[in-house]
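> One structure coming up, written as structure tokens, with questions to follow.
The values are calculated or read from the model by the stated rules, or taken from the named source; none is laboratory data. Model, not experiment: these values are computed from the prediction. Heads up, the Cβs are rebuilt from the backbone with ideal geometry, glycines too, and the neighbour counts pull from every protein chain shown.
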Amino acid sequence: MRDSLLSERMEHLEQARELHQKHPVADAHFDLAAEVYARRMAGERNIVKDRYLRHFRKAGCSIIVSSVFVYTKDLKERGLQTALAQIGALREDLDTVSDEICVIGSGKELDTALEKGKIAVLLSMEGLDPIGTDLHLLRVFYDLGVRGAGLTWSRPNAFGTGCCRADEMEEIPGGLTDLGKEAIRRMEALGMYLDVSHLNNEGFADVLKCAKAPFIASHSNAWEICRNYRNLRDDQIQALAERGGVIGLNANCCIAGAVPGDKSGALLRLCEHVEHLVSMAGVCHVGYGFDLCDGLDAAMAGTKVSPDPGDLLKNHEEAMELTAALLSRGMEEEAVMGIIGGNFLEFFRRVLR
């Protein structure tokens, strides 16, 4: 019996590897720019090449969305400077692997990168805090390649209140400000997509009232599986899908409701989130948005490993184990192809001008 289960597991893992190599694979949220900037400030170089490229390749990654994230300590005086520096640091670091990975800003550039076998990097702002209250700066960031943005991180700013942190458990009231609603209109006019992962419930309701274009939740899970206020309720999942958006599965322990180091338990819980999201949104509106933060936390702490590990996947390679787990639980191969990357690929093709 044990040999049979092991054989079945290996078959599903091999099936997952084949899917990851033959079909697009996307991670809709990764704090790459912030980590690269922190490590380069400490004197390190070739961060993507030495630390991540091999994992991206083994996982078959086609699209990585790199967030531009500014810590609260750098606001307000250094917020804009830090955000710009992160973009510059990432682009400089990617120059060393330009034959394998590149920043893209349009659907055509995305398709060209995929045709050439390159990994496409999209830039997204995790909160508009760096622009203060000046919406003219949206155009500046757009011209630098930024194509997505969340209005808030887990803190209030001029655009909205935001939800609680992943490790907290509090429903925070307060919707979007008038400036936040105008920011959505400006973003849509520019061709930037909106990310609602860090909005609270009132803010999400306001987005439904004023947003015209499809939007995403790049790294959020299902409230019904883990009652963390960073997660989406069923009506929110359905509303996002009805607008043509995609939800990215988050692999943070607090948001998923699992324990780092317990691989089987973590995979089970992540599968439960995927299955619930699919049941509410449909198979075309769910993807991966892992939010792997241990590398950034280690860089900020100046240590080799994160002082407080929170990632349920050690790296992007382990996404294949999650894919294998979904297959082993009976999910159809075509649905899995969409979840690992096809759904986000189609979304980006639609919204990127």
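Yes/no matrix, rows are residues, columns are (1) touching a residue at least 60 places away in the same chain (Cβ under 8 Å); (2) more than 24 Å from residue 242 (Cα to Cα); (3) part of a strand (DSSP E or B):
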site	(1), (2), (3)
163	yes, no, no
167	yes, yes, no
176	no, no, no
185	no, no, no
188	no, no, no
197	yes, no, no
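> Now, a different point. Among the listed residues 233, 155, 165, which satisfies the condition of being surrounded by fewer than 22 Cβ atoms within 10 Å (Cβ to Cβ), charged (D, E, K, R) and over 20 Å from residue 71 (Cα atoms)?
On inspection, the qualifying residue turns out to be 233.
> Which of the residues that make up segment 110-135 are under 19 Å from residue 82 (Cβ atoms) and over 15 Å from the mean Cα position of the chain (by Cα)?
128, 129, 130, 131, 132, 133, 134
> Going through 219, 285 one at a time, which residue ends up being closer than 23 Å to residue 169 by Cα and touching a residue at least 40 places away in the same chain (Cβ under 8 Å)?
219
> Hey, another quick one. If we keep just the residues of segment 30-45 that are outside any helix (DSSP H, G or I) and either within 24 Å of the chain's Cα centre (by Cα) or charged (D, E, K, R) (or both), which is surrounded by the most Cβ atoms within 10 Å (Cβ to Cβ)?
Across segment 30-45, the extreme among qualifying residues is 30.
> While we're on this one: Select, from 341, 282, the only residue that is in contact with a Phe, Trp or Tyr (Cβ under 9 Å, 6 or more places away or on another chain) and closer than 29 Å to residue 191 by Cα.
After ruling out the rest, the residue left standing is 341.
> I'm trying to understand the selection: among the residues of segment 7-47, which are within 22 Å of residue 285 (Cα to Cα) and touching a strand residue (DSSP E or B) at 6+ places or on another chain (Cβ under 8 Å)?
Selection gives 24, 25, 26, 27, 28, 29, 30.
> Considering only segment 75-101, state which residues are in contact with a Leu (Cβ under 7 Å, 6 or more places away or on another chain) and crowded, with 19+ Cβ neighbours inside 10 Å.
Correct list: 87, 90, 101.
> Also, I was wondering about something else. Please name all residue pairs, on different chains or six or more residues apart, with Cβ atoms under 9 Å, provided the first residue is in segment 295-320 and is hydroxyl-bearing (Ser, Thr, Tyr) and the second residue is buried (at least 19 other Cβ atoms within 10 Å of the Cβ) and not in a helix (DSSP H, G or I).
These pairs meet every condition: 306/293.
> Exactly one condition in (1) surrounded by fewer than 21 Cβ atoms within 10 Å (Cβ to Cβ); (2) in a loop (DSSP other than H, G, I, E, B) is not met by residue 113; state its number.
(2)
> Out of (1) within 22 Å of residue 149 (Cβ to Cβ); (2) out of contact with any helix residue (DSSP H, G or I) (no Cβ under 6 Å at 6 or more places or on another chain), the odd one out for residue 10 is which?
Residue 10 satisfies every listed condition except (1).
> Hey, does segment 148-161 have a residue that's in contact (Cβ under 8 Å) with a residue 40 or more places away in the chain and charged (D, E, K, R)?
Yes, that holds for at least one residue.
> I would also like to ask the following. Among 73, 58, 108, which is the only one that is at pLDDT below 95 and not in a loop (DSSP other than H, G, I, E, B)?
73
> Can you find even one residue in segment 301-316 that is buried (at least 20 other Cβ atoms within 10 Å of the Cβ), closer than 26 Å to residue 260 by Cα and charged (D, E, K, R)?
yes
> Also: Every residue in segment 295-325 that is in a loop (DSSP other than H, G, I, E, B) and within 16 Å of residue 56 (Cβ to Cβ), please.
The answer is 313, 314, 315.
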